[in-house]
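Notes to accompany the following structure.
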Amino acid sequence: MNNASPDITEGVNLFNNSFYFEAHDYFEEIWMETNGTDKLFFQGMIQVAVGAYHFSHCNYTAAHSQFMKAKRKLKKYLPSHYSVDVRKIVDEVAKIILQIEEAQFRSSVKLTEELLFKIDFFQTNLKK
């Protein structure tokens, strides 16, 4: 990969428009071409997209697993990376994880797609 920072805007837009599988593919392409510490960031972004995909298809066990992995990885990039509000992603993923865990023990807890979130940028400069 060249030294230029990848533009992740398209992957974020796909995610924010609920095209989670396509966002996964987009981030995976970047991940495959990335070296160094950014590789873990993109792996976390892939896992967030895969978790959202599984969640949106009511596969809560797989969603929980992916969100747990993503949270562990993305915590290393707080508060932001590539101008992405990583703190918001980690916080929102943590809420979803708790909701999935609660739903396993209390039938009154309903899991709905409203729990899924949008990825935010901190500024208009989208480079790292």
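We did not get these values from a lab; they are worked out from the coordinates using the rules stated. Please read all numbers here as calculations on a predicted model, not as lab measurements.
The phi torsions of region 78-85, fed into the Karplus equation with coefficients 6.51, -1.76 and 1.60 and a -60° offset, translate into couplings of 5, x, 8, 8, 6, 6, 7, 6 Hz, rounded to whole numbers, with Gly and Pro shown as x. Given the alternatives (i) 48, 32, 27; (ii) 65, 34, 29; (iii) 50, 25, 24, Cα extents along the principal axes in Å as computed for this entry is given by (iii).
Here is how the number arises for the chain: DSSP H runs of 4 or more residues each give -39500 (n - 2.57), the sum is divided by the residue count, and the result at 222 nm is -19500 deg cm²/dmol.
Under a 5 Å amide H cut-off, with hydrogens placed 1.01 Å from N, S80 pairs with V86 among residues at least 5 apart or on other chains. Sequence-ordered 3J(HN,Hα) estimates for region 88-99 from the Karplus curve with 6.51, -1.76 and 1.60 and θ = phi - 60° stand at 4, 4, 4, 5, 5, 4, 4, 4, 5, 4, 4, 5 Hz, glycine and proline given as x. Straight-distance candidates among the lysines for linking to K110, with alpha-carbon spacing under 16 Å and chain neighbours fewer than 8 residues away dropped: K95.
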